[in-house]
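First up is the structure itself, then whatever we jot down about it.
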Amino acid sequence: MRLQVIDLDGSVAGQEPLRRRFGTGEASCIDAADLAARLRIVASRGAVAGLLERLAVGGRDGGGPPVYFYGSGDFHHLTALFLRTVSAPVTVVHFDNHPDWVRFPATVNCGAWVNRALELPQVRKVVTIGPCSDDLVRPEWQFANLRAVEAGRMALFPWRHAPSRVWRRYNSAASFRQEGGHLHWRNLAEEDWSGFLDELMTAIPTEAVWLTIDKDVLGRDEAVTNWDQGQLKLAHLIAAIERLAAGRFVVGVDVCGDWSEPRFSDPFRAALAFFDHPPRLRPTAEDLAINARANAALVDCFSRVLP
């Protein structure tokens, strides 16, 4: 694998085991701090172009699939940019406490990047695993792309969530059944995880997969993020990575969900962050060490299972 840190917000470049891998040549670091304010929450075209140029230069060395760590989940829409480099038909397996499926506005932003990914011809399907968030409360009012779920382009498997109130018919799918005006989701917390992973493998229509991980899918005891968090266990996440790597060809991985202080150069992004983020967290050094331990476990896992 090609382990790369995109240093946008300072949250991961100094962590072990990433920092020591820079010295040994096992990992590289791409400095993009000057682009962060124009990429955070919503990406500007100029900042996107600048980042893609740096990725093209910084990613030339080494073989194997790229594995990116890049900081806060405020930047999760970078996944849609990474996917532009994939040429083969690919399924995106997405671990997150949020579905990131908002249809409006149609920009490159952290709440809508799944739709930008589905616009790419090589992306056949997105499978989202782990949401517990309020995004599933009256999802139509929040511009959720339920039509993609209905069409089979997207599958959503909450870890735990109450039925969602809807007004339109969506029939049923592998992840829910519709009864009247409610979508009754499968709750993975109540299922055998190994059995679900076996089922997941049969539901992936391509040989190639891209793994995207927002650590807010984990509980607060295993990650500290800028967002409200879910309940998936790190051990479940690692088991899923191992199973996917054994049964499919992983063409790339990206990991976000570290905490960093939101910094903006314009009131628009600052306002979006103020209204979307939960009450501001002031983590201690001990809190942030939780993220370093989670990242260490993920790097160890990738080192074992990726070529």
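The numbers here are math on the coordinates, done by the rules we state, and not lab data. Just so it is clear, the structure is predicted and the values come from calculations on it, not from any experiment. Every residue, glycine as well, gets a Cβ built from its backbone with ideal geometry; the counts of neighbours run over all protein chains shown.
The Kirkwood radius of the chain, taken over pairs of alpha-carbon atoms, gives through the Stokes-Einstein law at 37 °C and 0.692 mPa s a diffusion coefficient of 169 µm² s⁻¹. The 3J(HN,Hα) values that the Karplus relation (6.51, -1.76, 1.60; θ = phi - 60°) gives for segment 87-97 are, in residue order, 9, 7, x, 9, 10, 9, 9, 10, 9, 6, 7 Hz. Gly and Pro appear as x.
How far is helix 285-305 tilted off the main Cα axis of the chain, in degrees rounded to 10, range 0 to 90? Between the helix axis and the principal axis of the chain, the angle is about 80 degrees. Ranking V5, H98, L234 by Cα position along the charge dipole of segment 2-305, where only Lys, Arg, Asp and Glu carry charges on their C-beta atoms, puts H98 farthest toward the positive end. Model label sites at R177 and R54, defined 7 Å from Cα along the beta-carbon direction, differ in position by 5.0 nm.
Roughly how tilted is helix 234-247, in degrees to the nearest 10 and between 0 and 90, from the longest Cα axis of the chain? It is inclined by approximately 90 degrees. Charges were assigned to the Cβ only: +1 to each Lys and Arg, -1 to each Asp and Glu. The resulting dipole of segment 2-305 about its Cα centre is roughly 720 debye. Once C-alpha pairs closer than 8 Å and six or more residues apart are averaged by separation and normalised to the residue number of segment 198-307, the relative contact order reads 34 percent. Residues in segment 27-33 carry Karplus couplings, in order, of 9, 10, 10, 10, 7, 9, 4 Hz; the curve used is 6.51 cos²θ - 1.76 cosθ + 1.60 with θ = phi - 60°, and Gly or Pro positions show x. Here segment 2-305 carries DSSP beta bridges of which approximately 20% are antiparallel, counting only pairs with both residues inside.
At an R0 of 30 angstrom, the distance between the Cβ atoms of T202 and E150 translates into a FRET efficiency of 0.90. Taking every C-alpha pair closer than 8 Å and separated by at least 6 residues, the mean separation divided by the residue count of the chain gives a relative contact order of 21 percent. In the chain, the calculated helix contribution to ellipticity at 222 nm averages -9500 deg cm²/dmol per residue, counting -39,500 (n - 2.57) for every DSSP H run with n ≥ 4. Under the simplified labelling scheme, the E286-S303 pair shows an inter-label distance of 2.8 nm, with each label point 7 Å from Cα along Cα→Cβ.
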